[in-house]
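Just so it is clear, none of the values below were taken in a lab; they were calculated from the coordinates. On a predicted model such as this, the values are computed, not experimentally measured, just so you know. Note that each Cβ is placed from the backbone with ideal geometry, even for glycine, and that neighbours are counted across all protein chains shown.
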Amino acid sequence: MYVNGKFVPENQPVISVFDHGFLYGDGVFEGIRAYNGRVFKLREHVDRLFDSAKAIDLDIGMSKEAMEEAILETLRKNNFKDAYIRPIVSRGNGDLGLDPLKCDKANVFIVAKTMSSLYDTMELKAITVGVRRNAPDALSPNIKSLNYLNNILAKIEANAKGGQEAIFLDHNGFVAEGSGDNIFIIKNGVVYTPPTINNLKGITRATAIELLEKNKIPTRVENISLFDVYTADEIFVTGTAAEAAAVVWVDGRTIGAGKTGPVTALMLKEFEKITSTTGTEIYT
Ligand code: AKG
């Protein structure tokens, strides 16, 4: 594990109770995957980490190039070819007061682990949860912050109601995203996904849109409602940890034929191809 420029064993304690990421969720993170000796969309994830930090006025204290190199070196130190990588940047050590001015510099951690699929099934049941996605004018879902309680509340509710994933609505009742992934629905051969005002600007989401366009499948970014979800022919979700998975049941309604549909199947195949053949090489 990388900790402020040094590599240490992962079971070594590295964080102070005065770290404001720990005390207040004051910090940002990323989820990145390496496949087959290559890091998928490394620069895009590092860009998003720096954008999240900028949005909360947090100086990471290193360049994007240095962050990329630290990520690659963490993988090398572990001899990983396939891994899930978690860069974490907290506001740093302060005192028992929330003022970020009390923290003199950011703490930077990079953890890498092997990880297979997030879900034990590739055909998920989803529950629309009562808790609404954070309003963008309160805490923008675009900031990948260390405060994931909104997502965790959604997951708790989905777990309690027998779903593997949650579907969040925003405060206007539009579909926002899952607890850890973006959502796509397919109706009459057209794919729809919500604009990113109410959800994370998913890198896997952007990849899915690219792959759909490459395959000439019409794709529209527009607001969608729960009615559109219930009556969809197919639904899939995308995320770095989640990768891509079909949703075949929502709130008691079977979606389409109740199994992975043709557009989703094509997406999964294309996604596997692009992740195993592109990306930044770890060992050069
Ligand atoms: C990821 O997809 O990498 C995420 O960060 C989502 C949150 C999670 O599932 O841990």
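List of remarks:
- Sorted largest first, the spans of the alpha carbon positions of the stretch 6-84 along the three principal axes are 36, 29, 18 Å.
- Ranked for footprinting exposure by Cβ neighbours inside 10 Å, fewest first, Arg91, Arg43, Arg33 give Arg43, Arg33, Arg91.
- Net +/- balance of residues flanking Asp120 in space, Cβ distance below 14 Å, scoring K and R +1, D and E -1: -2
- Seen from all directions on average, the stretch 133-182 presents a Cα convex hull projection of 3.4 nm².
- Calculated FRET efficiency, Lys161 to Met115, Cβ-Cβ distance, R0 = 30 Å: about 0.70 to the nearest 0.05.
- Per-peptide average of other Cβ atoms within 10 Å, ordering 268-277, 5-14, 97-106 highest first: 268-277, 97-106, 5-14
- Dividing the mean sequence gap of close Cα pairs (under 8 Å, 6+ apart) by how many residues the chain holds gives a relative contact order of 20 percent.
- Links that overshoot a 29 Å alpha carbon limit, given the list Lys102/Lys155; Lys41/Lys155; Lys125/Lys273; Lys125/Lys201; Lys155/Lys201: Lys102/Lys155
- Over the chain, dividing the summed -39,500 (n - 2.57) contributions of all DSSP H runs of at least 4 residues by the number of residues returns a 222 nm mean residue ellipticity of -8500 deg cm²/dmol.
- Relative to the longest principal axis of the Cα atoms of the chain, the long axis of helix 203-214 makes an angle of roughly 40 degrees.
- Cα gyration tensor, the stretch 171-220 - rounded (a/c under 1.5), prolate or oblate: oblate
- Per the Debye formula on identical point scatterers at the alpha carbon atoms of the stretch 191-284, with no solvent, log10 I(q)/I(0) at q = 0.14, 0.24 Å⁻¹ is -0.54, -1.44.
- Debye-sum result for the chain in log10 I(q)/I(0), which assumes one identical scatterer on each alpha carbon, at q = 0.09 Å⁻¹: -0.44
- Whole-Hz couplings from phi, Karplus 6.51/-1.76/1.60, listed for the stretch 77-92; x for Gly and Pro: 4, 9, 6, 8, 10, 10, 6, 10, 10, 10, x, 10, 10, 9, 4, x
- Gain in span if fully extended, Gln12 to Glu222, counting 0.36 nm per residue against the direct Cα distance: 71.0 nm
- Across the stretch 160-168, coupling constants 3J(HN,Hα) worked out from phi with the 6.51/-1.76/1.60 Karplus curve, θ = phi - 60°, read 5, 9, x, x, 7, 9, 9, 10, 8 Hz, and Gly and Pro carry x.
- Estimated at 0.36 nm per residue, the fully extended path between Ala66 and Ala138 surpasses their Cα-Cα distance by 22.7 nm.
- Residue-wise HN-Hα couplings along the stretch 121-128, as the Karplus relation 6.51 cos²θ - 1.76 cosθ + 1.60 with θ = phi - 60° gives them from phi, are 10, 9, 10, 8, 9, 10, 10, 6 Hz; Gly and Pro carry x.
- As a proxy for reagent exposure, Arg76, Arg86 were ordered by neighbouring Cβ count within 10 angstrom, fewest first; the result is Arg76, Arg86.
- Neighbourhood net charge (15 Å Cβ-Cβ; Lys/Arg +1, Asp/Glu -1) for Pro100: -3
- Once backbone amide H atoms are built at 1.01 Å from N, Asn147 has Gly27 as its partners under 5 Å, excluding neighbours fewer than 5 places away on the same chain.
- Nearest-ten-degree value, helix 42-55 long axis tilted from longest Cα axis of the chain: 70 degrees
- Within the stretch 179-239, the GluC sites (Glu not before Pro) that combine a DSSP coil assignment with at most 12 other C-beta atoms in a 10 angstrom radius are Glu222.
- Between Ile197 and Asn79, the contour length at 0.36 nm per residue exceeds the Cα-Cα span by 38.6 nm.
- For the stretch 1-151: span of alpha carbons on each principal axis (Å, largest first): 43, 43, 28
- The spacing between the stretch 245-284 and the stretch 20-98, judged by their C-alpha centroids, is 25 Å.
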